[in-house]
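Structure first, then comments.
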Amino acid sequence: MNQDTNFTKHIWIFLSAYGVCFAALSFGQEVPVSIRELMRERDDARKRGDFKKADQIRTQLKESGYLLEDTAGGTVVRKRV
């Protein structure tokens, strides 16, 4: 893991601890606002225990070309290739 990646990982963990919702593909790439909004909705559904809704949103994101990874540091989104 290079220094930038390691630094980014630690920042994500720190921000997640304070409930900051964020998404990043990699340096220099932005996640569209519509995708970030869906991620926030999914995070809210998970917090409420509405896992059916959260799974529906995950499917919607997948159909839009994005994959989610739930980690200890928060949810990470990646553009499907």
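Would you check which residues across the stretch 60-75 are assigned to a helix (DSSP H, G or I) and open to solvent by 60 Å² or more (accessible area, probe 1.4 Å) and list them?
60, 62, 63
I'd like to know if the stretch 29-39 contains one or more residues that are at pLDDT 60 or above, open to solvent by 90 Å² or more (accessible area, probe 1.4 Å) and within 15 Å of residue 79 (Cβ to Cβ). Break it down into steps so the answer makes sense when it comes.
Within the stretch 29-39, the subset at pLDDT 60 or above is 29-39.
Checking which are open to solvent by 90 Å² or more (accessible area, probe 1.4 Å) leaves us with 29-30, 37.
From what is left, the residues that are within 15 Å of residue 79 (Cβ to Cβ) are 29-30.
Yes, the conditions are met somewhere in the stretch 29-39.
Among the listed residues 44, 50, identify the single one that is among the charged types (D, E, K, R), open to solvent by less than 80 Å² (accessible area, probe 1.4 Å) and modelled with pLDDT of 95 or more.
Details: 44 fails: modelled with pLDDT of 95 or more.
Selected residue: 50, the only one of 44, 50 that is among the charged types (D, E, K, R), open to solvent by less than 80 Å² (accessible area, probe 1.4 Å) and modelled with pLDDT of 95 or more.
The values are calculated or read from the model by the stated rules, or taken from the named source; none is laboratory data. In this text, all values refer to a predicted model and were calculated from it rather than measured experimentally. Methodologically, a virtual Cβ is constructed for each residue, glycine included, from the backbone with ideal geometry; neighbour enumeration extends over all protein chains shown. What goes into the accessible areas is simple: the full protein's heavy atoms, side chains included, and nothing from ligands, DNA or RNA. Shrake-Rupley method; radii C 1.70, N 1.55, O 1.52, S 1.80 Å.
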